[in-house]
Amino acid sequence: MGARTMTWGQASARRLARSGLAAPEARTGPATDPAPATGPAPATGPAPATGAAPAAGPAPGAHAVDRDLPAGTPAAVLRTLCGAQAQVLSAAELSVGMRIPGATRADVRRALWDDRTVVKTFGPRGTIHLLPAADLPLWTGALGALPAGSGNGGGTLGLLTPDQADAVVAAAADALADAELTVDELTDAVAERAGPWAADPVMEAFQSTWPRWRAATALAAHRGALCFGPNRGRKVTYTSPQRWLPGFAPAPPHAALAVLVRRYLHAYGPATPQDFARWLAAPAGWARDLFAARARAGEIEPVELAGVASWVVAGDTGVPEAPAELARGVRLLPYFDAYAIACRPRELLFPGRAYERALAGGQAGNFPVLLVDGEAAGVWHQRRSGRRIAVTVEPLDRLPAARGRELAGEVARLGEIMEGRAELTVGPVTVGPHA
């Protein structure tokens, strides 16, 4: 028997529902791993209550990557999405908030800085992400095992030898063990521990030069040596992940990668190894080998999506009976929303003119996206002045009256999440893509 086939509409309906973007009656998204994990043993005892810090688990390195997270919390949403890209933190707050009924950006900030159930660190592609603190062992175990030259900045700029990168990671871990340091303070601390070469201003960045050690910042995060601390005024700080998850240690790489593949496929499958590789900024051949190993283990199975051989979690081949109904609706996806970045094929998610207008050279996330019935149908932009939020939406085609009313409701909800008063204008967006 051949692989089961799945249409684009069926795949979209699954993904929208699991991402919290489907019609309200279809919005689902389990906070647990979609299949039993092979790897770190689950912690015993009850799951933490909403707002509570995650338990440390039975022993360092044995944290539960499958432990339930309280439903309807930022941490649970972030687990389902496989993280939210957060170099524009307000966009990540909106991404999470729109998926929790009644939530505001304050709920996301509280989870991040007060409850510490969410952590800001470097995630897939070496980009800044919000991740569930309870899943730090999973993420660091998986990302720390990526091949050299993957999206973690570990010497890929030619500025650090492998030994120097290792020295930077060790120095940062020691300096941040019980401190929150600004970039300048960490530069001094790393140079003191690793050697003055670490502070050489040789890394080109934003019309200036950064110290050499910063080429390994994402690598240090992926190995569990650092994460972001609260800003000190306008200055970014780094600190140790131990402060978010006491007893923290990266999970064994083999087990962590197995869980990450299943999490990704549950959220964004059917997908190919090449899709997964692009999502991680990892080599395609490495991803093919990883998928082949998971297939031999019986954890994933093949399906055909729109004529392309793809994969889903084993046993997860069911499709909605009425995908068109479940995919119906208008959504405003902010910069770098996980759905726009992770879902492929791009030419189907961004059909026709949307491929040119809502992408930047084929790259998703640089424009906020107007999503209509599960597909990109325009772009939008917001400008804040005090509590007033001016929202301009540029549909690529005229919206019917019913869709216009849905758009107005979506803009009103945006204002609630961002704790302001949103005002809608339908017209051209003149702002270019985010860098």
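Counting only protein chains, not ligands or nucleic acids, how are Arg110, Arg18, Arg243, Arg405 ordered by accessible area (probe 1.4 Å), most first?
Highest to lowest solvent-accessible surface, that is Arg405, Arg110, Arg243, Arg18.
Output ³J(HN,Hα) for segment 348-362: one whole-Hz value per residue in order, computed from phi by the Karplus curve 6.51 cos²θ - 1.76 cosθ + 1.60 with θ = phi - 60°, and x for Gly and Pro.
So the Karplus estimates, Gly and Pro as x, are 8, 6, 10, x, x, 5, 4, 5, 8, 7, 9, 10, 10, x, x Hz.
Quote the charge dipole size of segment 281-426 about the Cα centre in Debye, to the nearest 20; the model charges only the Cβ of Lys and Arg (+1) and of Asp and Glu (-1).
Taking the Cα centre of segment 281-426 as origin, the dipole is about 640 debye.
Between the alpha-carbon centers of segment 381-419 and segment 336-372, tell me the distance in whole angstrom.
One Cα centre to the other: 19 Å.
Leaving ligands, DNA and RNA out of it, rank Glu347, Glu180, Glu325, Glu299 by accessible area with a 1.4 Å probe, largest first.
Ranking Glu347, Glu180, Glu325, Glu299 by accessible area, largest first, yields Glu347, Glu325, Glu180, Glu299.
The values are calculated or read from the model by the stated rules, or taken from the named source; none is laboratory data. The structure displayed is predicted, hence computed values, not measured ones. Here the Cβ is made from the backbone with ideal geometry for all residues, glycine too, and neighbour counts use every protein chain on show. Each accessible area value is taken on the protein alone, full model and side chains, heavy atoms only, with ligands, DNA and RNA left out. Shrake-Rupley method; radii C 1.70, N 1.55, O 1.52, S 1.80 Å.
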